[in-house]
1. Which one, 308, 266, 280, projects farthest toward the positive side of the charge dipole computed for region 258-313 from Cβ point charges (K/R +1, D/E -1)?
2. If you put +1 on each Lys and Arg Cβ and -1 on each Asp and Glu Cβ, how big is the dipole of region 303-449 around its Cα centre, in Debye rounded to 20?
3. Got a sec? How would 244, 387, 229 order by Cβ neighbour count within 10 Å, fewest to most?
4. Please state the charge dipole magnitude for the chain, taken about the Cα centre, from unit charges on C-beta atoms (+1 on K and R, -1 on D and E), reported in debye and rounded to the nearest 20.
5. Within region 5-49, which residues have the backbone N less than 14 Å from the label spot 7 Å out from residue 60 along Cα→beta-carbon, could you tell me?
6. Per-residue counts of other Cβ atoms within 10 Å, averaged by peptide: what ranking do you get for 136-143, 403-410, 31-38, highest first?
7. As an exercise, use a Förster radius of 41 Å and the Cβ-Cβ distance of residue 443 and residue 33 to find the FRET efficiency, rounded to the nearest 0.05.
8. Could you order the peptides 77-84, 11-18, 157-164 from most to least packed, using the average number of other C-beta atoms within 10 Å per residue?
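Read-outs throughout are calculated quantities, based only on the coordinates presented, and are distinct from any laboratory measurement. Quantities reported herein were computed from a predicted structural model and do not represent experimental measurements. Counting neighbours? That spans all protein chains shown, and the Cβs are built from the backbone with ideal geometry, glycine included.
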Amino acid sequence: MIPAAAATNSFYQVLFALLAGILVIVILTTKFRLHPFFALLIASLVTGLGINLSLPEVVTFMKEGFGNIMKSLGFIIVLGTALGVVLEKNGSTTVMANYILKKIGNKFPALAMSITGFVVGLPVFCDSGFIVLSGLNSSLAKRTGTRVVVMAVSMATGLYSVHCLITPHPGVSSAAALIGASYGKLIIAGIVIAIPAMIIGYLYAVYAGSKYPLPEREENIITEQQKELPSTLQAFLPVIIPVLLIAIRAFITIDLSGAKTWLQAIGILGDPIISLSAGIVLALTANGLSDKKQVNQWLQEAAEKAGGILVIIGAGGSFGAILGASHVGVHLSEALPLASMGILFPFLLTAMLKTAQGSSTVAIITAASIIQPLLPVLGFATPDGKLLCVLAMGAGSMMVSHANDAYFWVIAKFEKIDMPTMLKVYSVATVLMGLVTLLMVYILSLVLL
């Protein structure tokens, strides 16, 4: 129920409160380097008070928004993070990378690193994946005589393409939860759309990066110190099985309560919580569970890492609840020709937020909070419409990655690439990735709508 005080606000008051909230997020996260949780928390208070909600009402909406997003997304983020950490720690990411490099690395080394980033990035966050694969990237660059910037940007964009489009990565997962899109269909559509984004990132890295000389580098080769690495099949299964189970479940449209036993089993196994748990079990048993202390340390690290992500997502849910109380959807739909903008509006909004404050996760969560009440006006109230809206925001969250993005500096630091080169090669690549992804979403919309 919307309080009467908020329901009587004018368009300009709501717009001012909304812009003030966004400005608070941008300034606090960029200029003052404040943790996004606190920035979103303060933005919620500023926006809520700006639309004439009383302080108790603001707190109530914030609690409800936080709780709702945790209910729908909490387990998925924790389990997805745990799967990525275990695959990284037990050597599965190294095995997957080596397999891809063995197949195509010598002839097309940059393409091999792009595909490696894409595959490893399915369960592993882009910054962690880049750090893990950096040594392999360096080794292959030296062995093949390929420029480091070409190899690094190819791998970085491969990781980035899935990070912005596919659950269980936090930004797109949060957007799906806020918007109400199907996780399973998002995985399938996200993978399909992320492939062209990966390809354009690779092609531009080869084109632009080839203009730069190969810098001198220190030897930095990952050595396989694990006593026993998983086999290739064992390394890939924890990634493939959850993706398949969730995807299959997404396309079962019948009521499972009265269905045959095998369909009910697929429905249960295809729940993201169950399928991700199965992936973790497969990853943990890939090279044995002899060292239980080490396994406990991995899971502890995963829980702590997920906690930092969850508080940001929860604060995003709080901000979304405040925006819902402001009737921002009604006001914007009356003032702007949103019906004619379609996927362009969520794309541009997310791109603006991403470019301004740097974090793809914060950008897409904030954008989803604003767009959720606008779904009917934009024409995205149907399940397919919600899917397209999330993918359009994912495209926007790719651009523009530059000096205010932590991932930008991970790439530059680990590969020793200077900032002008990063801006000319990597940052431009993210712009092209976002535009190509938007084009793919538009093509998909012609099929679905």
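1. 266
2. On the way: 6 positive and 6 negative charges, 36 e Å.
My answer is approximately 180 debye.
3. On the way: 244 14, 387 25, 229 18.
Ordered from fewest to most neighbouring Cβ atoms within 10 Å, 244, 387, 229 come out as 244, 229, 387.
4. Details: 25 positive and 19 negative charges, 149 e Å.
The dipole of the chain has a size of about 720 debye.
5. Hits in region 5-49 for residue 60 at 14 Å: 5-7.
6. Details: 136-143: 20.9, 403-410: 17.0, 31-38: 14.5.
The densest-packed peptide leads the list: 136-143, 403-410, 31-38.
7. Numbers: r = 39 Å, r/R0 = 0.96.
Rounded to the nearest 0.05, the efficiency is 0.55.
8. Top to bottom by mean Cβ count within 10 Å: 157-164, 77-84, 11-18.
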